[in-house]
Amino acid sequence: MTAIKAIYVDDESPALELIRKYCDDLPEIELLACFLDPRKALAYDRLDEVELFILDIEMPGLSGTEMLALIPKGKLGIFITADPTHAAKAYDLDVIDYLVKPVFPERFVKAVQKAIDYRKVTDTGTEEEFLIFRSDYMLNKIPLKDIQWIEGFGEYLKVITRYKQYMVLQRFSDFIEKNEKLGFVRIHKSYIVQKGHILSHNSQFVLLKDGKQLPVGRTYKDGIK
C-alpha cells in the first residue's frame, strides 16, 4: 500500500523538526511539507494530494481547529498540542487522534497507523470487516471479529471487544437498524452479540467462548434458536 501523504503545521520550529524526523523513519507516511503558518499551508499547491493533516491547535492567526474546519470533508486529521483541554474540540471535528506534547515516537507511530487503517476502510468500503466509533475524543477503528457484544445504555453504547471497552454516544436502536446485517444476534432488549463468539445458549443465558455469560430476554429466545 502506498504511503499516506501528509503535511504538518505548527508555529514551533522544534516541534516541526521532531515530527519531520519521525516521518523520515516511517515508510508508511510521506510528509509532503511542513509549515509554521497555517495560512501558507492552506495555499499549498499540492493541497489536493494531502490525505492527512497533522496540526498544532494554538497558532496565531488561525488555530488548528479552525484550519481543519476549512479543509474538505474526507481528509484525515491528527492534532498535536501542549494543551490537553482541547480534546473536546478534536472530538467535534472527528480527528483520528489527539497527541499531547512532548510526543514520543511510539505514540506518533500508533497515531499514523490509525490514520492508515481508517483510510483502508474508507477506500475499500469494507464495512463488514470494521466498524468506526467515536470514543475518548477520537475515532476508533474496531475489527468486527473482535467485537464480542454491545450493550445499550440510554443514549450510549458499551462496545465490548476482546481487548478493550468503548463508550459510544449512539442510541442502541439506531445502531441495530444501521448494522443489522453484520452478524449480530439480539438476545435481550439491551444486548446484541456477535454470532462467532457464542459457544452455547439456553433459555436463560448465552455462553460466550471466553466463558462470559449474558442474559437472554424472554422476547428473544426464539430468535436465538
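The values are calculated or read from the model by the stated rules, or taken from the named source; none is laboratory data. What you see is a predicted model; the values in this text were computed from it and never measured. Cβ: placed from backbone, ideal geometry, glycine included. Neighbour counts: every protein chain shown.
Structure notes:
- Whenever a residue of the range 62-78 is in contact (Cβ under 8 Å) with a residue 40 or more places away in the chain, its partners that are assigned to a loop (DSSP other than H, G, I, E, B), lying with C-beta atoms within less than 7 angstrom and at least six residues away or across chains, give the pairs GLY64/ASP56; GLY64/ILE57; LEU76/GLU51; LEU76/ILE96.
- Of all residues in the range 146-161, those satisfying the criterion of being free of Cβ contacts under 8 Å to residues at least 60 places away in the same chain and in contact with a Lys or Arg (Cβ under 9 Å, 6 or more places away or on another chain) are ASP146, ILE147, ILE150, GLU151, GLY152, GLY154, GLU155, TYR156, LEU157, ILE160.
- Residue check, LEU157 part of a strand (DSSP E or B), crowded, with 17+ Cβ neighbours inside 10 Å and modelled with pLDDT under 85: no
- Conditions (1) surrounded by 14 or more Cβ atoms within 10 Å (Cβ to Cβ); (2) modelled with pLDDT of 90 or more; (3) polar (S, T, N, Q); (4) closer than 19 Å to LYS145 by Cα: number failed by GLN213: (1)
- Listing of strands (runs of 3 or more DSSP E) fully contained in the range 185-224 that carry 1 or more residues being without any contact (Cβ under 8 Å) to a residue 40 or more places away in the chain and either among the β-branched types (Val, Ile, Thr) or in contact with a Leu (Cβ under 7 Å, 6 or more places away or on another chain) (or both): 198-201, 205-208, 213-215
- The condition of being exposed (fewer than 14 other Cβ atoms within 10 Å of the Cβ), over 21 Å from the mean Cα position of the chain (by Cα) and modelled with pLDDT under 90 holds for only one of LYS164, LYS189, LYS195, LYS178, that being LYS195.
- Residue list for the range 27-47, restricted to those being under 23 Å from the mean Cα position of the chain (by Cα) and either under 10 Å from ALA6 (Cβ atoms) or of a type in the set (D, E, K, R) (or both): GLU28, ILE29, GLU30, LEU31
Matching residues to (1) touching a helix residue (DSSP H, G or I) at 6+ places or on another chain (Cβ under 9 Å); (2) over 20 Å from SER135 (Cα atoms):
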residue	(1), (2)
GLY152	yes, no
THR161	yes, no
MET167	no, no
VAL185	yes, yes
HIS188	yes, yes
ILE198	yes, yes
SER203	yes, yes
GLN213	no, yes
TYR220	no, yes
